[in-house]
């Protein structure tokens, strides 16, 4: 990859790419969720497990909003985690934290939504 005069990798991160990767990682995280839900014995215990995991989606929304705010505050100077050594002050860490929070928020949101869907499915079973 190419670097600019500050040593930051080019091209800069774009919100759509970060969001796409977060959703893909979230969908991959649904697989262990399904395996864990199937390994819980008892109908009510499985419902309780899925209800608790679905609350993770709320934390995902909070991380998503905070990450979007950090992205906006960075004013286009978005950096990868690999560019950590290129920041020069405390305020510059926002340029790295924004994409991290955005991606983690989307992962948690997808896993929480899947858990809520599985909860609804388990609730409909006799």
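Values in this text are rule-based calculations from the coordinates and carry no lab data. The model shown is predicted, which means the values in this text are computed figures rather than measured ones. Cβ placement follows ideal geometry from the backbone for every residue including glycine, while neighbour counts extend to all protein chains displayed.
Details
- Residue of 73, 16, 115 that the Gaussian network model of the chain assigns the largest fluctuation, springs spanning Cα pairs under 10 Å: 16
- The label-point distance for residue 81 and residue 59, in a model that sets each label 7 Å from Cα toward Cβ, rounds to 1.6 nm.
- Inter-label distance for residue 51 and residue 93, nm, one decimal - labels placed 7 Å from Cα along Cα-to-Cβ: 3.8
- Separation between Cα centres of segment 100-126 and segment 16-76, rounded to whole Å: 6
- FRET E, pair residue 35, residue 3, Förster distance 35 Å, beta-carbon r, rounded to 0.05: 0.25
- Helical content alone sets the calculated 222 nm signal of the chain at -23500 deg cm²/dmol, taking -39,500 (n - 2.57) per DSSP H segment of four or more residues and averaging over every residue.
- The chain: relative contact order as a whole-number percent, Cα under 8 Å and 6+ apart: 40
- Residue of 53, 23, 40 that the Gaussian network model of the chain assigns the largest fluctuation, springs spanning Cα pairs under 10 Å: 40
- Percent of C-alpha pairs per 10 Å bin, the chain, short to long: 14, 35, 24, 16, 9, 2, 0
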